[in-house]
Each structure stands twice: as C-alpha cells, then as structure tokens.
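Peer 1: Please see the structure below; I have some questions.
The values are calculated or read from the model by the stated rules, or taken from the named source; none is laboratory data. A quick note: this is a predicted structure, and the numbers were derived from the prediction, not measured. Heads up, the Cβs are rebuilt from the backbone with ideal geometry, glycines too, and the neighbour counts pull from every protein chain shown.
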Ligand code: HEC
C-alpha cells in the first residue's frame, strides 16, 4: 500500500512538473477587460503619484499583504513559487511591450475582477484595498525599467 501511494504521488508530481514545463503566458498583449467595459476601464486614472516613497509602499504590498510575489515572483518575471504550476503562467511584468499596451485602469480592472479561467483571481477588496491596488500597479510598472528588452 505504502509503495503504491508513493508511486501515485510520484506520478502526480511528474504530471504537475510536466504541465509546468509547457505552461506559458497567454498572449500578454491582449486586454483582459470585456469589450463593453473597456472604455470605462481605460478612462480610470491612477490616483497614486509615482515617487520613491510610494514605490517602496508598492514593493512592500507586492511582497507582503498582496501576496502577488507568490505567483508573479519577487523579480516580477512571472516565476514565483506558486506561479510555476499555473497554466497560463502569471504575467511577466519585466516585459515593456505588455506595459505599453495597457492603461493602468485595465490592470486595476483585472486585480479587482480577476482574469477568467486563470490563477489570477479577484484580490480587491478581499486581499487589498483599491488604493493599495493602484499603489502596486505603479510598482509593477517599474519592473519594465529593469528589462534589457527596450
Ligand atoms: C495565485 C497566483 C496569483 C497571484 C497571487 C497574483 N496573480 Fe496576478 N496573475 C496571475 C496569472 C496566472 C495571471 C495571468 C492571467 C492571464 O493571462 O489572463 C496574472 C495576471 C496579472 C495581471 C495582468 C493583467 C492583464 O491585463 O494582463 C496583473 C496586473 C496582475 N496579475 C496583478 C496582480 C497583483 C497586483 C497581485 C497581488 C495583489 C497578483 N496579481 C497576484 C496569477 C496571480
């Protein structure tokens, strides 16, 4: 019995590992906001100014209360410990092309409503407040500057 259990666990693990190996991001350049809500989402303005103090707050929230780093990774590249088993993979915030294609309001919409059929579930207001979400968005934008991409 113990032996069979071990085999079963091993098989399950190998399946997860294999899934992780093929998992990738779903097209990062395509908006996740439904067409009928897109104009409103795009028009939303981020009320949090970008400055060193607020970016530090964003980092603390991203790596703490918000739990974002678990999936998106501390480096923002989508390779967090929990992100590895997700399919599609979490967003890679070091990709500047992604940031160029999105308004802050579209990101806010996803943090509030989640992205259907993915590990990105609604985190406002359950995990963080609206103000905290806007603060984290500024921090996520900053990962792009560290990219060699652009
Ligand atoms: C359980 C894993 C998980 C956690 C925790 C998580 N995310 Fe995500 N996130 C994902 C996945 C997976 C995607 C990709 C969804 C897709 O491709 O549609 C994603 C996508 C996103 C996007 C991209 C939306 C877009 O328009 O493409 C943003 C912004 C985002 N997450 C912000 C956050 C923030 C902020 C937090 C923390 C408050 C967070 N995420 C926590 C898994 C997670």
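Peer 1: Which of the residues belonging to the stretch 84-125 are in a helix (DSSP H, G or I), in contact with a helix residue (DSSP H, G or I) (Cβ under 7 Å, 6 or more places away or on another chain) and within 6 Å of the ligand (Cβ to nearest atom)?
Peer 2: If the condition is that a residue be in a helix (DSSP H, G or I), in contact with a helix residue (DSSP H, G or I) (Cβ under 7 Å, 6 or more places away or on another chain) and within 6 Å of the ligand (Cβ to nearest atom), then 106, 107, 111 are the ones that fit.
Peer 1: Further question: Do any residues in the stretch 54-78 that are on the phi > 0 side of the Ramachandran plot have Cβ atoms under 6 Å from those of residues that are surrounded by fewer than 18 Cβ atoms within 10 Å (Cβ to Cβ), where the two are at least six apart or on different chains, and which pairs are they?
Peer 2: From the stretch 54-78, the pairs are 73/79.
Peer 1: While we're here: Please specify each residue of the stretch 79-89 satisfying the condition of being touching a residue at least 40 places away in the same chain (Cβ under 8 Å) and either surrounded by 21 or more Cβ atoms within 10 Å (Cβ to Cβ) or on the phi > 0 side of the Ramachandran plot (or both). Walk me through how you get there before you give the answer.
Peer 2: Initial filter on the stretch 79-89 (touching a residue at least 40 places away in the same chain (Cβ under 8 Å)): 84-89.
Matches in the stretch 79-89: 89 only.
Peer 1: When residue 38 is evaluated against the numbered criteria (1) near the ligand (Cβ under 10 Å from one of its atoms); (2) over 18 Å from residue 141 (Cα atoms), which criterion, by number, is the only one it fails?
Peer 2: Unmet condition: (1).
Peer 1: Here is a further query. Scan 131, 140 and give me the residue that is more than 10 Å from the ligand (Cβ to nearest atom), within 18 Å of residue 65 (Cα to Cα), modelled with pLDDT of 95 or more and in a helix (DSSP H, G or I). Show your work before the answer.
Peer 2: On the way: 140 fails: more than 10 Å from the ligand (Cβ to nearest atom).
Sole residue among the options that is more than 10 Å from the ligand (Cβ to nearest atom), within 18 Å of residue 65 (Cα to Cα), modelled with pLDDT of 95 or more and in a helix (DSSP H, G or I): 131.
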